[in-house]
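Structure, as structure tokens:
Every number here is computed from the coordinates shown, using simple stated rules; none is lab data. Just so you know, these numbers come straight off a predicted model, no measurement behind them. So basically every Cβ, Gly included, is an ideal-geometry build from the backbone, and we count neighbours across all protein chains shown.
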Amino acid sequence: MEQKKLNIGLFGFGVVGEGLYKILKQTPSLNATIKRIVIKHPDKQRNAPPEIFTQLANELLNDDEIDVVVELIDDAEAAYHIVTTALKNGKAVVSANKKLIAEHLAELLHLQEQYKTPFLYEASACASIPIIRNLEEYYDNDLLQSITGIVNGSTNYILTKIFNEKIEFVDALLQAQQLGFVERNPNLDILGIDATNKLTILLLHAYGIVTKPSSILYSGIQNIQLSDSKIAAEKEYQIKLIAKAVKLNNGKIAAYLLPQFVKKESQLYNVANEYNGVIIESGFSDKQFFYGKGAGSFPTASAVLSDISALRYDYKYEYKKKYQSAENELSNEYYLKVYVSYDNLKSIQKEAFEWIEEFHSGQQRSYFVGVIHAEKLLKDDWWKQHGVSLILTPEPIIANIDYRDVQKRSLELAGVL
């Protein structure tokens, strides 16, 4: 197939934008050139010819010679205008803006169909790992059982430091900020917002589900304590922030983003620092593991480059699972086995749990292991409050409960809790 020459209009020249500019300079075989770059602060010193920069978005969006608009800014509202205008103007678009994509999936799908313009965003999910393309092309059938992954390199870096260096959360966060691994607003990472946006995108390509991040059960790592990592070490676990989408026994899909204890046997156990790791389980191919850097200039830029390269051959997402005859449905009808540590027992909604399996009291901090319905976690936020740490057990999902077994498995807690 003959490849096209591409003229690129780039929005943003930050860490990723500059990384892309440098990579394109080193890969002339791609036959792709950046014609203009829109920037916000013209006085800032940049490693590119000054004449290539502009502050006027319409110079790119209305330029008939520009075939591809690459959007790499951190303002989701401004990015929305850029992406939608470019698609309406018949330009292919490449983006890394997970917030924009996750919050506007339905509209972006409609625009692609209406204007027949491709919109690619591999870099929005796991940076250097080509997970979207694999879900689109290799797992384009009904046999996908689950996708489980560490999809935020910043939080994984922080958890690695807490676990390996025995330092507190605030100190690990400071290290991550100093290395540039954390978003400009660190809450996007540490509260789990960034990773939930990514999971929302992966749900579309894994199961054809169009939803909003607000519909997904999620939390970040903001309440993880050094004492939690010590408990994990005693049990020979690691603590990871895990994104999960899995097909339940009833055929519906469960999805969540939560801290979880991970066993040594899991491939995710040794995914450390700013790296991402994703396990895909399919009906006949068993489990496959994807691993790569999830943060940084060149890893993210490499995913953008891959999308640009694919556009030379008119590649576009087909969203096969979205348009198949039987649509998948998101469900919160399942139970989770969780570890909960806390400073004050009064902050815990004990009545929300089906049963408690294990309880340990400490002078400063106590914890228990119990089973709770996912819907109760989605509707309440007591477990996200300061002083409470909720972590999933290694095999947390319980599809159904046989209450005849509850008495056998539960402790008598009168006088204990």
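For the Cα atoms of the chain, what angle does the longest principal axis make with the long axis of helix 297-311, in degrees from 0 to 90, nearest 10?
The angle comes out at about 60 degrees.
Rounded to the nearest 0.05, what FRET efficiency do residue 363 and residue 249 have when you use their Cβ-Cβ distance and R0 = 45 Å?
Efficiency, rounded to the nearest 0.05: 0.60.
Excluding residues fewer than 8 places away in the same chain, name every one of the lysines whose C-alpha is closer than 24 Å to that of residue 88.
Partners found: 4, 5, 35, 40, 98, 99, 116, 212, 316, 320, 322.
Note down the nm distance, to one decimal, between modelled labels 7 Å out along Cα→Cβ at residue 106 and at residue 56.
3.7 nm
Compute the FRET efficiency between residue 47 and residue 286 as 1/(1 + (r/R0)^6), taking r as their Cβ-Cβ distance and R0 = 45 Å, and round to the nearest 0.05.
For R0 = 45 Å, the calculated efficiency reads 0.45.
Given the Cα atoms of the stretch 1-134, and with Rh set as the inverse mean 1/r over their pairs in the Kirkwood sense, what is Rg to Rh to two decimals?
0.94
Could you work out how far helix 193-207 tilts from the main Cα principal axis of the chain, as a 0 to 90 degree angle to the nearest 10?
80 degrees
Please work out the Cα convex hull volume for the chain and give it in Å³ per residue.
About 150 Å³ per residue, rounded to a whole number.
Report, ordered by chain and residue number, the lysines lying within cross-link reach of residue 321, taken as a straight Cα distance under 16 Å and ignoring same-chain residues fewer than 8 apart.
247, 252
Only Cα pairs within less than 10 Å get springs; with that Gaussian network setup on the chain, which residue of 27, 393, 85 has the largest fluctuation?
Of 27, 393, 85, the Gaussian network model singles out 27 as fluctuating most.
Nearest 10 degrees, 0 to 90: what angle lies between the long axis of helix 169-178 and the longest principal axis of the chain (Cα atoms)?
Helix 169-178 and the main axis of the chain meet at about 10 degrees.
I need the phi-derived Karplus couplings for the stretch 270-287: 6.51 cos²θ - 1.76 cosθ + 1.60, θ = phi - 60°, integer Hz, Gly and Pro marked x.
Couplings: 9, 7, 10, 6, 8, 7, 10, x, 9, 10, 10, 10, 10, x, 10, 8, 6, 9 Hz.
With labels modelled as points extended 7 Å from the Cα through the Cβ direction, what inter-label distance (nm, one decimal) is found for residue 115 paired with residue 382?
For the pair residue 115/residue 382, the computed spacing is 4.9 nm.
Quick query: amide H of residue 392 versus all other amide H atoms, modeled in the peptide plane; which residues come in under 5 Å with a sequence gap of 5 or more or a different chain?
Those lying under 5 Å, H to H, from residue 392 are 260, 261, 339.
In nm, what is the difference between 0.36 nm times the number of residues separating residue 184 and residue 398 and their Cα-Cα distance?
Result: 73.3 nm gained on full extension.
Could you tell me how many cubic angstrom of Cα convex hull volume the stretch 131-293 has per residue?
114 Å³
Taking amide H positions as placed in the peptide plane 1.01 Å from N, state which residues far from residue 34 in sequence (5 or more) or on other chains have amide H under 5 Å from it.
Excluding prolines and chain starts, which carry no amide H, the hits are 8.
What would the Debye formula give as log10 I(q)/I(0) at q = 0.16, 0.27 Å⁻¹ for the alpha-carbon point model of the stretch 335-409, no solvent?
-0.56, -1.45
Amide H of residue 144 versus every other amide H placed in the peptide plane: which residues, excluding those fewer than 5 positions away on the same chain, fall under 5 Å?
HN-HN under 5 Å from residue 144: 283.
Any chance you could run the full-extension gain for residue 270 through residue 26? It's 0.36 nm times the residue separation minus the Cα-Cα distance, nm to one decimal.
Additional length available on full extension: 84.6 nm.
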